């Protein structure tokens, strides 16, 4: 593992990618008859990013927050695996930066308050 290697981070708009592949690709069904062309298209895009040198890929789905609101979503991660490439402080700083436009109250909901409420820790 190279701790000093540079990160190549890609952020994917999951909603857009599913929509784009759903309408761009011919229909494909799995053995149970479910439509899978869009999922295959997204996987092909992700594999292409990995082959192109991506070290980290994150998927954003804006419609989740728009659909459920800031008071009904919470942050999740793959900790401690994420620590293999950056410190916890760097991850937190990056995530706070990515959500800065949402405002402090929404960040507090996403990263703390909603989990306290959902898991009944109060």
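We did not get these values from a lab; they are worked out from the coordinates using the rules stated. Quick caveat: nothing in here was measured; it's all calculated off a predicted structure. Backbone-built Cβ (ideal geometry, glycine too); neighbour counts: all protein chains shown.
Rg and Dmax of the chain over Cα atoms: what are they, in angstrom?
My reading of the Cα-based Rg and Dmax gives 17.4, 50 Å.
Taking 35 Å as R0, compute the FRET efficiency from the Cβ-Cβ separation of residue 49 and residue 117 and round it to 0.05.
Working: r = 35 Å, r/R0 = 1.01.
It comes to 0.50.
Helix-derived [θ] at 222 nm for the chain: sum -39500 (n - 2.57) over DSSP H runs of at least 4, divide by residue count, nearest 500?
Values: 6 runs with 54 residues, N = 122.
-12500 deg cm²/dmol, from helical runs alone.
How large is the convex hull of the C-alpha atoms of the stretch 70-122 per residue, in Å³? Present the calculation step by step, with values, prior to reporting the outcome.
Details: hull volume 4.4 nm³, N = 53.
Per residue, the Cα convex hull of the stretch 70-122 comes to 84 Å³.
If you look at just the Cα atoms of the stretch 9-60, how large are its Rg and its Dmax in Å?
12.0, 35
Give the relative contact order (percent, whole number) for the stretch 70-122; include only Cα pairs under 8 Å separated by 6+ residues.
Numbers: 24 pairs, mean separation 31.8, N = 53.
So the answer I get is 60 percent.
Where does helix 37-51 land angle-wise versus the long Cα axis of the chain, in degrees 0 to 90, nearest 10?
Approximately 70 degrees, to the nearest ten.
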